[in-house]
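The values are calculated or read from the model by the stated rules, or taken from the named source; none is laboratory data. In this text the structure is predicted, and so the values were computed from the model without any measurement. Here the Cβ positions follow ideal geometry from the backbone for every residue, glycine too, while neighbour counts run over all protein chains shown.
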Amino acid sequence: MRSLLRVCIACLLASSLPAAAAESAVSLAALRSHLDFLASDALEGRDTGTRGYEIAALYAAAQFRQSGLAPGNGESYFQQVPLTESKLDSSSLEIVSGGMPTALVWKEDYVLSARAGHPQVEIETPVVFAGFGIDAPESGRADYAGVDVTGKIVLVLTGAPADFPSEQRAHYASSRQKRIEAARRGAVGLVTLRTRDDERRSPWERSVLNADRPSMTWRHPDGTPVDDSPGLRVTAGLSHAGAGKLLVGATATLEELLDLGEAGGRGSRELGVTLRAAVRSTLRELESPNVVALLTGAEPARRDEIVVFTAHLDHVGVGAEVDGDAIYNGYYDNAMGSAVVLEVARALARSPRPARSVAFVLVTGEERGLLGSDFFAQHPSFAGARVVADLNVDMPLFLHPVADLVAFGAEHTTLGELARAAAEANGFVLTPDPEPEESIFVRSDQYSFVRQGIPAIYLCPGHGSRVAGENGGAAVESFRREHYHRPSDEGALPTDWDGVVRFAAVHVELTRAAANADEPPRWLAGSFFGELFGGADAP
């Protein structure tokens, strides 16, 4: 009862703020109110498909309606995303040597994801090492050269070579791309081994804390689960301890493979070991909504060109207890981004309408693999209209007095210069990616649009501080180590509210500029992503 009362009070408070704050382009009070509600314990972490997420979606739709925005899916603010959940019932990984199996231990040696297309699996096959598992002709990289992985399990290192450009590195380091490449080569399984750098940034014990959570994918109208690598029957990750057990008697030791990772990852080879894998999982169908609102463009000739502004509304829900707390509130990830979208929507709705239409989309299932944005990018809810750009906000960390912003994707499209102007007009400077090893560009919802050839950009705070001599990067590193995907990502964390307000103002100006530009945003000549995904305006 007390939780429900808090929900009602928060809704009432939040719904009363926009009218009172109309005199200000961006309202701090409204931003804080959205955050207090969305990151409250009452919503139980907003996991996809749960009651807590449904309440968050209802709240967001009510805020869009009050701001005067039209429903973005016909007469509804909700675009239901059909999902298939795969719950792992049992699994085993065994090393087979001389006919005798050696079992690996769940969570200690390995974790394994249930795959919707393969709910029951039994395989026994040799393991082949394939470096980082990358095929990048433009960089002279061919990790599968000289090895045959057909019908076998591939062992690859996480990440990508350090000398790859930041966003190109992010593409090739993504688990999706590693799966796609392994499947394309005929592998039936993919096992990853964390590099020393990845282990330092996110120790195995913490990263597998909630490995028991079911996996999800969205499904086609015929009920078929979407699968980017249907040939793979098993996908797993090994700890260093598990890999050490696997490599006893192999053609390479654990330390040799980790050394290869630091030296560039070359050295693909047959390992001379065999893995036996067995998986049993249960499938369940469900739905979860994207929340979509529309600000119709003022110019009839351009209103069917739509600029989309996205953030993910979901988080990871209720999970393993940490210090007595099991609710993963997701204050920064991504109640903060959702609050920014709601406030930018309110500000733009009270301004002169831009030439193009603007859609505000709070998506579901980001934490499950960019599901809601992938569904929306492939099935926009606007009949007869065309999405021309995506602007995205995800986990903007205002843990210190932020002085700079990083614009992921800026060098690939004409959105980059618009972002620079909007940032500088609001007291920020743009700086390069300070953490290319995090592969951030492919880990949030703008990448779903990039993969459909749509220009996109993603702004987040950098490491620069307005306080002389302060290292903002230390605060970011501390958050990732202590609070990311943990119950402590909640409202008790420090927040640079002045920076948050100006960050929202940047997105008001950037969205308006993209919607009013003479030409729709386009890929720049030579863009890696424009050429890779064949955007409509790609050279």
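From the list Ser288, Ser281, which residue is of a type outside the set (Asp, Glu), under 26 Å from Val226 (Cα atoms) and within 21 Å of the chain's Cα centre (by Cα)?
Residue meeting the stated conditions: Ser288.
Residues checked against (1) farther than 15 Å from Val292 by Cβ; (2) under 24 Å from the mean Cα position of the chain (by Cα):
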{"site": "Asp41", "(1), (2)": "yes, yes"}
{"site": "Pro71", "(1), (2)": "no, no"}
{"site": "Tyr77", "(1), (2)": "no, yes"}
{"site": "Gln80", "(1), (2)": "no, yes"}
{"site": "Thr84", "(1), (2)": "yes, yes"}
{"site": "Leu93", "(1), (2)": "yes, no"}
{"site": "Val105", "(1), (2)": "yes, no"}
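Taking Ala517 as meeting all but one of (1) touching a Ser or Thr at 6+ places or on another chain (Cβ under 9 Å); (2) of a type in the set (A, V, I, L, M); (3) within 11 Å of Leu399 (Cα to Cα), write down the number of the exception.
Result: Ala517 passes all but (3).
Quick grid of which residues meet (1) buried (at least 19 other Cβ atoms within 10 Å of the Cβ); (2) touching a helix residue (DSSP H, G or I) at 6+ places or on another chain (Cβ under 9 Å); (3) assigned by TED's automatic domain parsing to the domain that holds Val402:
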site: Ile457; (1), (2), (3): yes, yes, yes
site: Ala474; (1), (2), (3): no, no, yes
site: Arg486; (1), (2), (3): yes, yes, yes
site: Gly491; (1), (2), (3): no, yes, yes
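Please specify each residue of the stretch 458-476 satisfying the condition of being assigned to a strand (DSSP E or B) and of a type outside the set (S, T, N, Q).
Passing the criteria: Tyr458, Leu459, Cys460, Pro461.
Being at pLDDT below 95 and among the hydrophobic types (A, V, I, L, M, F, W, C) narrows it down to one residue among Phe441, Phe449; which is it?
Exactly one residue qualifies, and that residue is Phe441.
Given the criterion in the same structural domain as Ile123 (by TED's automatic domain parsing), loosely packed, with under 15 Cβ neighbours inside 10 Å and closer than 28 Å to Gly146 by Cβ, identify the matching residue among Gly186, Gly267, Gly237.
Going through Gly186, Gly267, Gly237 in turn, just one is in the same structural domain as Ile123 (by TED's automatic domain parsing), loosely packed, with under 15 Cβ neighbours inside 10 Å and closer than 28 Å to Gly146 by Cβ: Gly186.
Pull up the stretch 349-360, narrow it to residues that are of a type in the set (A, V, I, L, M) and in contact with a helix residue (DSSP H, G or I) (Cβ under 6 Å, 6 or more places away or on another chain), then point me to the one that is farthest from Val291 (Cα to Cα).
Ala355
Are there any pairs, at least 6 apart or on different chains, whose C-beta atoms fall under 7 Å, with the first in the stretch 467-493 and farther than 18 Å from Arg46 by Cβ and the second aromatic (Phe, Trp, Tyr) and modelled with pLDDT under 95, and if so, which?
That search, which allows pairs on different chains as well, returns nothing.
Right, Val105: surrounded by fewer than 23 Cβ atoms within 10 Å (Cβ to Cβ) and either farther than 27 Å from Trp218 by Cβ or touching a residue at least 60 places away in the same chain (Cβ under 8 Å) (or both) or not? Before the answer, list the steps.
Values: surrounded by fewer than 23 Cβ atoms within 10 Å (Cβ to Cβ): yes; either farther than 27 Å from Trp218 by Cβ or touching a residue at least 60 places away in the same chain (Cβ under 8 Å) (or both): yes.
In short, yes.
Looking at Thr235, Thr192, Thr224, can you tell me which residue is at pLDDT 90 or above and under 22 Å from Glu262 (Cβ atoms)?
Within the list Thr235, Thr192, Thr224, the selection yields Thr192.
Would you kindly identify the helices (runs of 4 or more DSSP H) lying entirely within the stretch 125-237 that contain at least 3 residues that are in contact (Cβ under 8 Å) with a residue 12 or more places away in the chain?
166-173, 175-184, 196-201
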